[in-house]
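Data first, discussion second: the structure below is written as structure tokens.
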Amino acid sequence: MSSLNVTVSAQEPSSCAVDALVVNVFEDEKVSESTLASLDQKLQGAISRLADLGELDGKLFHTTLLPTGGQTYAPRLLLVGSGKRVDFGSNRARDVAGTAIRALLKRPVATVAIWMRGAADGGDLAEAVVTGAILGTFDPGEYKTKREEPLTRLTSLTVLESSVQRTSAAEEGAKRGQVIGEAVNFARHLANAPGNVLTPEKLAAAATREGAEAGYSLDVLDRARMAALGMGALLGVSEGSEQPPMTIVMTYKGRGGDGVDLALIGKGVTFDTGGISIKPASDMHLMKEDMAGAAATVGAMSAIARLRLRVNVLGIVPAVENMPSGHAMRPGDVVTALNGKTIEVLNTDAEGRMILADAICYAQRLGAKRLVDAATLTGAVVVALGNQAAGLLGRPQEWVDQVKCASEKAGERVWQLPLFEEYARQLKSEIADVANVGGRAAGTITGAAFIGEFVDEGNAWAHLDIAGTAWTEREEPYLAKGPTGIPLRAFVALAEGLQQS
Ligand code: BES
Ligand code: MN
Ligand code: ZN
């Protein structure tokens, strides 16, 4: 899958023979009194002179490139601001590493060594550094045939770990970081694909190829099997499309024995026109991202399998295209989901919750008791939380807390919204068991409440509404514009936490 060579080394930074040596600097440190002093001496005081000139303030993500004039084995030194020391941890380290790589990508640099000075332990720090560096290499312009500036390919990444006692922990961490970083970039690559390129069939093919390499097994349900099962909600959504629907079922058994410890479910609408309740033309092209939850789910399954986590994980991706046509589902139609519940379709643009309903029913039929879904479900979550945090809802609270902790650990922000049972009243239908929309008020909550209608009593379920976080229109020093891969890292952290010892 990858050609990036990742290593950990206890080498002296100045004797690292790479195209660029990266070192992080803090806002509140003095070069001569810190671990930078010996490197500074090798460079005959070049770093402290920069600091004296006020060119090295250590502010978060500020970068300064310095030619080393032959005084270190690396011809250039990139200093990256890391903010205040007290605020520095793995999440910052990941972003600092990403910033460094993005600053170097357009330069003729193929081999990089990163000396991340900081507080975290060797394993976690190395994981964060490698993940961040690999995330930094993501190229959202993958469909361009010509580029203004050529992108240099990173071929080798060395993580410098000064303590020899910690190198084996750092090596383990670096391996994890590489698996996770590459899985996130794979998910971003899928989410970046236009609707004509990535149809439900192509998504299933990509998940199948990935499963063969990573080590999870697949069962792809076609229309006939879904019809025989009674997945009327998903099939209703896909009626208007020429593209055949697929339910992609991925199974990874990492511990002995049967049973599902965790089910990951991702909304896979490869393009969402809104259907007969068609969306306005402006910005409709963005709806190619409506399978970002699916991309994160496939990527998470890949990472979980490659990391050989000791846990049994089921991944389900309901994949459809939502189109208007003479065959399309109409507003007012009634469809029956897998668990027998009838749904009145008041708006064909509220399609994500319908395909998730059938996917969640199917996951439970396969034995899932703990579920988490990720979906670009509502524009309302962008109104509520903007692009800074995904909406988190579910029950019981202990399970929601576990998902929240995993997300925080992974550096993917979430914010819980309430799911008081009174909200479900907004989904009352005159003629069916439930309506698929609940009016303008609390759109993200009623979307989640609809999905909750399909979760069996006693099962734990959490829902991540990623409509505001799956894609970024704002470039960050560590992050390209485009798909973010959220919540893949949280999914992996959640699986990690459920391992049997
Ligand atoms: N895929 C959209 C939600 C979306 C909006 C994703 C913006 C990413 C960015 C979803 O299927 C949708 O159309 N939701 C409707 C629900 C409404 C009809 C209740 C919405 O948010 O308007
Ligand atoms: Mn929609
Ligand atoms: Zn949608």
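So that you can scan it fast, the table gives a plain yes or no per residue for (1) of a type in the set (D, E, K, R); (2) touching an Asp or Glu at 6+ places or on another chain (Cβ under 9 Å); (3) closer than 22 Å to L286 by Cα:
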position: D373; (1), (2), (3): yes, no, yes
position: V383; (1), (2), (3): no, no, yes
position: L393; (1), (2), (3): no, yes, no
position: Q397; (1), (2), (3): no, no, no
position: V400; (1), (2), (3): no, no, no
position: V403; (1), (2), (3): no, no, no
position: A410; (1), (2), (3): no, no, no
Scope segment 428-447; condition open to solvent by 10 Å² or more (accessible area, probe 1.4 Å) and β-branched (V, I, T); matching residues: I431, V437, I445
query: Do any residues in segment 330-354 that are within 18 Å of K267 (Cα to Cα) and at pLDDT below 95 have Cβ atoms under 6 Å from those of residues that are assigned to a helix (DSSP H, G or I) and within 16 Å of ligand 3 (Cβ to nearest atom), where the two are at least six apart or on different chains, and which pairs are they?
result: none
- request: Considering only segment 337-346, state which residues are open to solvent by 10 Å² or more (accessible area, probe 1.4 Å) and within 13 Å of ligand 1 (Cβ to nearest atom).
  value: L346
field: Criterion: more than 16 Å from ligand 3 (Cβ to nearest atom) and either open to solvent by less than 10 Å² (accessible area, probe 1.4 Å) or of a type in the set (S, T, Y) (or both) - qualifying residue of F454, F450
entry: F454
message: Of everything in segment 300-332, what is within 15 Å of ligand 1 (Cβ to nearest atom), in contact with a Gly (Cβ under 8 Å, 6 or more places away or on another chain) and not aliphatic (A, V, I, L, M)? Give them in sequence order.
response: P318, E321, N322, P324
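Of the residues in segment 93-128, how many are out of contact with any strand residue (DSSP E or B) (no Cβ under 9 Å at 6 or more places or on another chain) and under 24 Å from V164 (Cα atoms)?
Of segment 93-128, the ones out of contact with any strand residue (DSSP E or B) (no Cβ under 9 Å at 6 or more places or on another chain) are 94, 105-106, 108, 119-121, 123-124, 127-128.
When the remaining residues are screened for being under 24 Å from V164 (Cα atoms), the result is 94, 119-121, 123-124, 127-128.
So the count comes out to 8.
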- prompt: In segment 347-367, which residues are more than 10 Å from ligand 1 (Cβ to nearest atom), of a type in the set (D, E, K, R) and crowded, with 24+ Cβ neighbours inside 10 Å?
  reply: D358
- request: Could you check how many residues of segment 298-336 are open to solvent by 10 Å² or more (accessible area, probe 1.4 Å) and not in a loop (DSSP other than H, G, I, E, B)?
  value: 5
- request: Can you run down the residue pairs with Cβ atoms below 6 Å, 6 or more apart or on separate chains, where the first is in segment 423-451 and within 16 Å of ligand 2 (Cβ to nearest atom) and the partner is charged (D, E, K, R)?
  value: A435/E344; T444/D465; G447/R353; F450/R353; I451/R353
query: E289 passes all but one of (1) within 16 Å of ligand 1 (Cβ to nearest atom); (2) outside any loop (DSSP other than H, G, I, E, B); (3) more than 30 Å from R176 (Cβ to Cβ); (4) open to solvent by 10 Å² or more (accessible area, probe 1.4 Å); which number fails?
result: (3)
- prompt: Do you know which of the residues in segment 268-286 that are more than 10 Å from ligand 2 (Cβ to nearest atom) and open to solvent by less than 10 Å² (accessible area, probe 1.4 Å) is nearest to T208 (Cα to Cα)?
  reply: G268
- prompt: Out of the residues in segment 227-256 that are open to solvent by 20 Å² or more (accessible area, probe 1.4 Å) and either free of Cβ contacts under 8 Å to residues at least 24 places away in the same chain or of a type in the set (F, W, Y) (or both), which is farthest from ligand 2 (Cβ to nearest atom)?
  reply: G256
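The values are calculated or read from the model by the stated rules, or taken from the named source; none is laboratory data. Remember, it's a predicted structure, so these values are computed and weren't measured experimentally. All Cβ positions, even for glycine, are placed from backbone atoms using ideal geometry, and neighbour counts span all protein chains on display. Areas reflect the complete protein model, heavy atoms only, side chains present, ligands, DNA and RNA absent. Shrake-Rupley method; radii C 1.70, N 1.55, O 1.52, S 1.80 Å.
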